[in-house]
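**Student:** Dropping a structure here in structure tokens format, bear with me for questions.
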Amino acid sequence: MQKLFINPKHQLGHINPEIQGHFSEHLGRCIYEGIFVKEDSGIPNVNGMRKDVVAALKEMQIPVLRWPGGCFADEYHWKDGIGPKETRKKMINTHWGGVTEDNSFGTHEFMELCKQLGCKTYINGNVGSGTVQEMSEWVEYMTFEGVSPMADLRKANGHEEPWRVDYFGVGNENWGCGGNMTPEYYANLYRRYQTYVRTYNHERPIKKICGGPNIDDYNWTTGVCDVCFRAPEFLHGFMDGLSIHYYTHPEGWEIKGSALDFDEKVWYKTLSKTLYIEDLINHHGAILDKYDKQHKVGFVVDEWGTWYTCEPGTNPGFLYQQNTIRDALVAGINLNIFNKHCDRVMMANIAQMVNVLQAVILTDGDKMILTPTYHVFNMYKHHQDAELLESYVESEKIGLEDQFMVPSLNESVSIAKDGKIHITLNNLSADRDYEIEGILTDTSVASVKGEIVTGDMHDHNTFEDPEKVKTVAFDGCKIVDNKLVFTIPACSVLHLEVTTD
Ligand code: AHR
């Protein structure tokens with residue numbers, strides 16, 4: 001029997017809804033086909049946005065969406081994506097398959113999508129190949145209410161009211177696809193570009209995100225912070241977030257590994273590599289702590305998730321992959337870790353929302369399926385805007401290879417505004433169930449109900465069998481002597497909702 005300790009009297013921090021954010025890039029079939037279709041395509045849509053996809057994302061309470069990239073962001077010129085669609089400039093999407101981008105999905109379409117989703121907006125600007133003027137004018141175009149060249153242009157293009165930009169990223173992966181810069185060079189550009197990301201409506205300040213490290217590039221974090229935090233008194237409001245990118249490649253960056261064809265060794269290797277994100281948050285956090293003593297800057301893990309070898313027969317530049325129970329565990333583990341670090345992690349955006357990498361939704365023509373990852377997000381939504389509670393679960397080290405051992409269980413717990421306690425618990429074992437005894441300190445438990453995503457490690461949904469993996473009710477948790485007693489099956493992500501007297 002493993003014990004799960006929860007202290008409802010000890011709240012450790014606020015869980016920003018944005019921790020469950022998403023990312024949509026002009027990459028493969030994410031935007032085009034996955035989200036945005038021709039109005040006369042025969043696929044039910046509202047202003048081009050697929051009704052089925054929007055409804056599923058709303059159900060999941062998508063809190064924020066990042067756009068237009070990724071690597072695409074640093075070659076995107078926003079003025080090509082406004083005005084009449086017939087006259088919009090076409091470009092080559094050099095990063096992703098060399099396909100023609102017709103710019104039919106641009107700023108107005110992104111804002112329409114976010115309006116339909118009811119989510120916050122995270123725009124990623126172009127530093128790699130764009131100018132300060134271009135970035136500054138984009139912000140003016142989107143957010144300025146009065147009379148100005150860009151606000152007038154927006155109005156001429158049919159949108160009278162300014163939109164709300166909640167987050168603005170100043171470049172993407174500028175150590176790589178965003179310009180191959182050194183940390184010092186990028187940091188100086190960051191200081192300069194962010195100056196012109198003006199907040200015009202002071203009731204809605206734009207939060208600025210600085211381009212952070214890849215994986216364990218501590219040199220980048222140090223170099224950027226060294227320059228950015230130099231004389232910070234002159235740089236009021238210069239940085240709200242620092243991004244981190246970390247993907248789980250089971251077999252490393254070169255080989256990556258198959259989404260469907262893997263054995264138990266690779267199962268544990270994948271989960272172990274996923275857990276590594278906690279080390280990254282701790283180590284980059286220790287660096288940031290030295291510069292940002294008041295904890296004003298948060299981490300924005302704006303790209304995370306599994307990255308496998310693309311599905312056989314699909315365009316390698318489109319990064320289309322399947323999604324199994326293994327991905328459900330990867331999602332559950334990451335989201336629990338982000339919750340536990342909610343003092344630093346202000347936002348996270350899984351890559352990517354539809355048809356790319358660890359997507360929550362896959363589409364094929366007018367068909368749509370929800371992946372195991374979707375079902376995990378849908379269960380975890382109860383943590384959004386809640387307070388993290390102190391918790392600890394006993395576990396053992398499991399695995400098949402010394403360097404890829406993992407804890408058998410992984411959890412996070414929060415208390416929502418209505419007083420309900422939400423426990424999300426993952427069983428990382430490929431074959432072993434665990435009996436759990438949940439103890440809530442100084443609290444009288446009134447009721448418990450549960451739901452679970454579980455199955456064989458290879459289980460996944462297909463267009464032929466779309467509900468092989470889904471959330472099902474879990475009624476195996478009993479209240480015995482004021483304790484929660486249950487067995488969590490192997491390969492599962494469990495959510496328990498507890499009410500107290
Ligand atoms: O998500 C796919 C790509 O991964 C993004 O475009 C880039 O930022 C990262 O390298």
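**Student:** Check off (1) buried (at least 17 other Cβ atoms within 10 Å of the Cβ); (2) within 16 Å of the ligand (Cβ to nearest atom) for residue 176 and give me the number that stays unchecked.
**Tutor:** Every condition holds for residue 176 apart from (1).
**Student:** Let me ask something else. Mind checking which pairs have a first residue in the range 259-280 that is within 21 Å of residue 298 (Cα to Cα) and a second that is open to solvent by 10 Å² or more (accessible area, probe 1.4 Å), Cβ under 7 Å, 6 or more apart or different chains?
**Tutor:** If the second residue must be open to solvent by 10 Å² or more (accessible area, probe 1.4 Å), the pairs left are 277/246; 280/215; 280/216; 280/246.
**Student:** I need the full set of residues from the range 85-94 which are away from the ligand (no atom under 16 Å from the Cβ) and in a loop (DSSP other than H, G, I, E, B), in order please.
**Tutor:** Result: 88, 89, 90.
**Student:** Here's another thing I want to ask about it. Let me confirm something: among 50, 29, 66, which residue is charged (D, E, K, R), at pLDDT 95 or above, open to solvent by less than 30 Å² (accessible area, probe 1.4 Å) and farther than 22 Å from residue 142 by Cα?
**Tutor:** 50
**Student:** Out of all the residues in the range 145-159, is one or more more than 16 Å from the ligand (Cβ to nearest atom), part of a helix (DSSP H, G or I), buried (at least 19 other Cβ atoms within 10 Å of the Cβ) and over 24 Å from the mean Cα position of the chain (by Cα)?
**Tutor:** Restricting attention to the range 145-159, the residues satisfying the condition of being more than 16 Å from the ligand (Cβ to nearest atom) are 145-159.
Narrowing the set further to residues that are part of a helix (DSSP H, G or I) leaves 149-156.
Those still in the list that are buried (at least 19 other Cβ atoms within 10 Å of the Cβ) too: 151, 154.
Subset that is over 24 Å from the mean Cα position of the chain (by Cα): 151, 154.
Yes, the range 145-159 contains at least one residue that is more than 16 Å from the ligand (Cβ to nearest atom), part of a helix (DSSP H, G or I), buried (at least 19 other Cβ atoms within 10 Å of the Cβ) and over 24 Å from the mean Cα position of the chain (by Cα).
**Student:** In the range 44-84, how many residues are outside any helix (DSSP H, G or I) and away from the ligand (no atom under 16 Å from the Cβ)?
**Tutor:** Final tally of qualifying residues: 16.
**Student:** Can you find a residue in the range 271-287 that is more than 16 Å from the ligand (Cβ to nearest atom), under 30 Å from residue 195 (Cβ atoms) and surrounded by 22 or more Cβ atoms within 10 Å (Cβ to Cβ)?
**Tutor:** Checking the range 271-287: at least one residue is more than 16 Å from the ligand (Cβ to nearest atom), under 30 Å from residue 195 (Cβ atoms) and surrounded by 22 or more Cβ atoms within 10 Å (Cβ to Cβ).
**Student:** I would also like to ask the following. Identify the residue in the range 69-94 that is under 30 Å from residue 348 (Cβ atoms) and of a type in the set (S, T, N, Q) and, among all such residues, is most open to solvent (accessible area, probe 1.4 Å).
**Tutor:** 94
**Student:** To continue, here is another question. Answer yes or no: is there a residue in the range 303-313 that is crowded, with 17+ Cβ neighbours inside 10 Å, modelled with pLDDT under 95 and acidic (Asp, Glu).
**Tutor:** Looking for residues that are crowded, with 17+ Cβ neighbours inside 10 Å, modelled with pLDDT under 95 and acidic (Asp, Glu), one finds none in the range 303-313, hence no.
**Student:** Quick one: residue 201 ticks every box in (1) within 28 Å of residue 93 (Cα to Cα); (2) in contact with a Lys or Arg (Cβ under 9 Å, 6 or more places away or on another chain); (3) of a type outside the set (Gly, Ala, Ser) bar one, so which box is it?
**Tutor:** For residue 201, the exception is condition (1).
**Student:** Please find, among 250, 213, 232, 205, the residue that is closer than 20 Å to residue 168 by Cβ, surrounded by 16 or more Cβ atoms within 10 Å (Cβ to Cβ) and not charged (D, E, K, R).
**Tutor:** Sole residue among the options that is closer than 20 Å to residue 168 by Cβ, surrounded by 16 or more Cβ atoms within 10 Å (Cβ to Cβ) and not charged (D, E, K, R): 213.
**Student:** Does the range 457-469 contain any residue that is over 24 Å from the mean Cα position of the chain (by Cα), of a type outside the set (A, V, I, L, M) and under 19 Å from residue 409 (Cβ atoms)?
**Tutor:** no
**Student:** So, one more: Taking residue 42, is it over 30 Å from residue 487 (Cα atoms), among the small types (Gly, Ala, Ser) and surrounded by fewer than 24 Cβ atoms within 10 Å (Cβ to Cβ)? Give the steps one after another, and end with the answer.
**Tutor:** On the way: over 30 Å from residue 487 (Cα atoms): yes; among the small types (Gly, Ala, Ser): yes; surrounded by fewer than 24 Cβ atoms within 10 Å (Cβ to Cβ): yes.
So residue 42 passes the test.
**Student:** Can you confirm whether the range 99-116 contains a residue that is within 16 Å of the ligand (Cβ to nearest atom), within 30 Å of residue 39 (Cα to Cα), out of contact with any Pro (no Cβ under 7 Å at 6 or more places or on another chain) and open to solvent by 40 Å² or more (accessible area, probe 1.4 Å)?
**Tutor:** Taking every residue of the range 99-116 in turn, at least one turns out to be within 16 Å of the ligand (Cβ to nearest atom), within 30 Å of residue 39 (Cα to Cα), out of contact with any Pro (no Cβ under 7 Å at 6 or more places or on another chain) and open to solvent by 40 Å² or more (accessible area, probe 1.4 Å).
**Student:** Pairs under 7 Å by beta carbon, first residue touching a residue at least 60 places away in the same chain (Cβ under 8 Å) and within 25 Å of residue 61 (Cα to Cα) in the range 4-17, partner open to solvent by less than 70 Å² (accessible area, probe 1.4 Å) and small (Gly, Ala, Ser), six or more apart or different chains?
**Tutor:** Once the first residue is touching a residue at least 60 places away in the same chain (Cβ under 8 Å) and within 25 Å of residue 61 (Cα to Cα) and sits in the range 4-17, its partners that are open to solvent by less than 70 Å² (accessible area, probe 1.4 Å) and small (Gly, Ala, Ser) give 15/386; 15/414.
**Student:** Mind checking which residues of the range 487-501 are over 25 Å from the mean Cα position of the chain (by Cα), surrounded by fewer than 23 Cβ atoms within 10 Å (Cβ to Cβ) and closer than 23 Å to residue 328 by Cα?
**Tutor:** 487, 489, 490 - these are the residues of the range 487-501 that are over 25 Å from the mean Cα position of the chain (by Cα), surrounded by fewer than 23 Cβ atoms within 10 Å (Cβ to Cβ) and closer than 23 Å to residue 328 by Cα.
**Student:** Let me ask something else. Residues in the range 421-445 that are of a type in the set (Ser, Thr, Tyr) and open to solvent by less than 10 Å² (accessible area, probe 1.4 Å): how many?
**Tutor:** Number of matching residues: 3.
The values are calculated or read from the model by the stated rules, or taken from the named source; none is laboratory data. It should be emphasised that the depicted structure is a prediction, and the values quoted were computed from it without experimental measurement. Cβ coordinates were reconstructed from backbone atoms using ideal geometry, including for glycine residues, and neighbour counts include every protein chain displayed. Just the protein is used for accessible areas: all its heavy atoms, side chains included, with ligands, DNA and RNA removed. Shrake-Rupley method; radii C 1.70, N 1.55, O 1.52, S 1.80 Å.
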